[in-house]
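The structure appears below as structure tokens.
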Amino acid sequence: MEKLLEKLKEYLKMETEIPFEEFSEYYRDLIAELNQTFNDLDRENRLKALYICSIVQSNADARSKESKATAKTFKKISAKCAFWTDAIKFNLGKDGMSPEEIEQATEEINASI
């Protein structure tokens, strides 16, 4: 997750929007990482994954409204990230974190960027 978070930090500091192909590739890398490692992630990395998914989801939502040509793809990306966000929150809750603690932890990640 650390590698994906570092790349996201780069993207968030950019003044221009990354191209569709690069966004799509980053999303595929994220989903592949989650599919492969989700059950083995510790709390810290699950929180990072939650943060990343929420950022990708909100960006995909915004982009789906900008271009009719890519709207369907961005809506699918958003939906998949929403699924993972829910799954991660559920797991963190099972691990003993309250919704408020989860929110605070993701805000701390955001503040560090």
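Filtered by the rule that a residue be within 12 Å of the chain's Cα centre (by Cα) and either open to solvent by 20 Å² or more (accessible area, probe 1.4 Å) or of a type in the set (Asp, Glu) (or both), the range 27-44 gives Tyr27, Arg28, Asp29, Glu33.
Screening the chain for helices (runs of 4 or more DSSP H) wholly inside it with 3 or more residues that are of a type in the set (Lys, Arg) returns the ranges 2-13, 43-64, 71-94.
The values are calculated or read from the model by the stated rules, or taken from the named source; none is laboratory data. In this text, all values refer to a predicted model and were calculated from it rather than measured experimentally. For the accessible areas, the whole protein counts, side chains as well, though only heavy atoms, and no ligand, DNA or RNA atoms are used. Shrake-Rupley method; radii C 1.70, N 1.55, O 1.52, S 1.80 Å.
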